[in-house]
Amino acid sequence: MKQKEKLASPEPQGAWIKPETYVAALVRTRSFRRTHRERPRTQPERPRLLLSTVPFLVLIALLAILAVGIMVIAFPGNQPIQKPKPTSHEPGIAERGWFQEAQKSFHK
């Protein structure tokens, strides 16, 4: 009799057709897969220097070089000396022959 006690009683015909049974089985398999799957890593196994620190350091170095270059160019000693403007004539007085010179430049 012990053998018969171990056996499950047969399910009635058509029990697998019920939607509740089918949905419950789907939920069980989905939850089983979800709990037993591998979790994705949130951190790499070892730090990746080329992907994190090196580009940052290269960017900082380029900005430092650019800043030093701008400071050297902007230093007042490197600026060209401005030539003094020629003295202008008094307003209302024109030199002799200015009209003839203007006419020559128009005809060229």
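What follows is calculated from the coordinates using simple rules that are stated; it is not laboratory data. What you see is a predicted model; the values in this text were computed from it and never measured. Please note: Cβ atoms are built from the backbone with ideal geometry, for glycine as well, and neighbour counts cover all protein chains shown.
7 Å from Cα along Cα→Cβ at both L66 and E38: what's the point-to-point distance in nm?
Here the answer is 4.2 nm between the modelled labels.
At 0.36 nm per residue, and after removing the present C-alpha to C-alpha distance, how many nm does the segment from T29 to K83 gain when stretched out fully?
Working: separation 54, 0.36 × 54 = 19.44 nm, distance 8.88 nm.
Gain on extension, T29 to K83, equals 10.6 nm.
Can you run phi through the Karplus equation (6.51, -1.76, 1.60; θ = phi - 60°) for segment 58-66 and list ³J(HN,Hα) in whole Hz, with x for Gly and Pro?
Here the 3J(HN,Hα) series is 5, 5, 4, 5, 5, 5, 5, 5, 4 Hz.
Once the piece of chain linking V54 and K104 is laid out straight, how much longer is it, given 0.36 nm per residue of separation minus the C-alpha distance between them?
Working: separation 50, 0.36 × 50 = 18.00 nm, distance 6.77 nm.
Length difference between fully extended and current span is 11.2 nm.
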